[in-house]
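The structure appears below as structure tokens.
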Amino acid sequence: MLTILCAGEVLSPRCQAMVERIQQAAPTQLLTTLTESLHDARILFVISLDAGGASHGLCDLLSFLRTHSDCLSGSVGGVLVDGEGDLYTKAAGREIVLAANLAGCTFPGRPLVEATGDLRNFTVQAKNAECSLEKAYKLASLDLADRILRFEPEQSERPNILVLHASSHRTSNTLALWSRVREGLEPHCDIREVGLRNGTLEDCGGCPYTMCLHFGEQGECFYGGVMVQEVYPAIREADAVVLLCPNYNDALSANLTAAINRLTALYRTASFTDKAVFAMVVSGYSGGDIVASQVVSALNMNKGFWLPADFCMLETANDAGTAILLPGIEERLGRFTKNILRQLIIEKQED
């Protein structure tokens, strides 16, 4: 059963028509508000934005999700956003995914279907499917509903975890916290860390598609370096990637951003849908949610990694060494460690 959760009672005519098509394709129940927990459900969040990119229903839904932890525990979700203009659809989708994820909802890779006012964002899909923009929108929406219903997270007996960072062990609060998490994971997982500091990583230069595809088919990238030598092989073997993300001006660090950009060549020829992504974000002042939402956009929405429930740990600490002294930090570190293990490791059945 697919639960279609509309953010508000009023949808645009186009959005309403898409909801009706999905209802015709699969058994569904329709909700127009969320007032209590929705555990172990398969949920399609539907948001209809006005010309200003706003929705009162969206604000109400975000408020509920952000103030009711674990209200979506065990659920799997996806998001459909239909807007009147060219902007704000992805921003709205990203907000819902992050809020729902922190409330316990898991998301498969590519969990967002967004329809801008003129549907030009479906140009490539329509060309590939040899159909109209409207038909491409319909196909994407039906596919998302189907993937929500069918999704089962990949698990293994002993997961391989790749950790990417661009920080200094001497001063980094993020690495200090990660070291505690690693201690709890090592008995159960194989862990590989790759540091991306000191000019070892060149950013993507936007090669033509055919060139990027050519190198991707060989498991390489035109720019070579640490990405080809270390990151690509580790990504192929990994069951999960953990990003260590100090907040730099409310953004991912330059080297982490470059690494994500450079994954494009590998993404041309390899699927990441069986790989999970986690993140540890430490901010000096505020804005950890902004950085976490960038990880959601880049790796879950664009590159197709699946997003485990409560995928990120968000902390605020400024001076070096202060993160590990935060009140309650050991409990939160333990909870984050246990969540990674719970999401990735096959639960052994009792004889």
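The values are calculated or read from the model by the stated rules, or taken from the named source; none is laboratory data. It should be emphasised that the depicted structure is a prediction, and the values quoted were computed from it without experimental measurement. Because the Cβ atoms are built from the backbone with ideal geometry, glycine has one as well, and the counts that use them run over all protein chains shown.
General observations
- Test: S73 is in a loop (DSSP other than H, G, I, E, B) and either crowded, with 21+ Cβ neighbours inside 10 Å or not assigned by TED's automatic domain parsing to the domain that holds I340 (or both): yes
- Within the stretch 331-351, the set of residues being modelled with pLDDT of 95 or more and more than 24 Å from the chain's Cα centre (by Cα) comprises E331 only.
- Check on L175, in the same structural domain as Y285 (by TED's automatic domain parsing), among the aliphatic types (A, V, I, L, M) and either within 30 Å of C245 (Cβ to Cβ) or within 15 Å of the chain's Cα centre (by Cα) (or both): yes
- For L98, the conditions (1) assigned to a loop (DSSP other than H, G, I, E, B); (2) under 20 Å from the mean Cα position of the chain (by Cα) all hold with the exception of (1).
- Verdict on A279 being in contact (Cβ under 8 Å) with a residue 24 or more places away in the chain, touching a Lys or Arg at 6+ places or on another chain (Cβ under 9 Å) and either more than 20 Å from Y248 (Cα to Cα) or crowded, with 21+ Cβ neighbours inside 10 Å (or both): no
- Matching residues, the stretch 308-338, being part of a loop (DSSP other than H, G, I, E, B), surrounded by 12 or more Cβ atoms within 10 Å (Cβ to Cβ), touching a residue at least 24 places away in the same chain (Cβ under 8 Å) and not small (G, A, S): P308, D310, F311, T322
- The set of residues from the stretch 266-283 being assigned to a helix (DSSP H, G or I) and in contact with a Leu (Cβ under 8 Å, 6 or more places away or on another chain) is empty.
- Residues of the stretch 76-91 satisfying the condition of being on the phi < 0 side of the Ramachandran plot and surrounded by fewer than 23 Cβ atoms within 10 Å (Cβ to Cβ): E84, G85, D86, L87, K90, A91
- Options F215, F222: the member that is modelled with pLDDT under 95 and buried (at least 19 other Cβ atoms within 10 Å of the Cβ): F215
- Search result, residues across the stretch 1-59 that are among the aliphatic types (A, V, I, L, M), part of a helix (DSSP H, G or I) and over 22 Å from G85 (Cβ atoms): I22, A25
Listed here are the residues, each with its yes/no results for (1) aromatic (F, W, Y); (2) touching a residue at least 60 places away in the same chain (Cβ under 8 Å); (3) surrounded by fewer than 16 Cβ atoms within 10 Å (Cβ to Cβ); (4) under 23 Å from I345 (Cβ atoms).
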site	(1), (2), (3), (4)
M227	no, no, no, no
E237	no, yes, yes, yes
P246	no, yes, no, no
L256	no, yes, no, no
T264	no, yes, no, no
T269	no, no, yes, no
K275	no, yes, no, yes
D289	no, yes, no, no
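Conditions (1) at pLDDT below 95; (2) of a type in the set (D, E, K, R), marked per residue:
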residue: R158; (1), (2): no, yes
residue: R170; (1), (2): yes, yes
residue: L177; (1), (2): no, no
residue: E183; (1), (2): no, yes
residue: C189; (1), (2): no, no
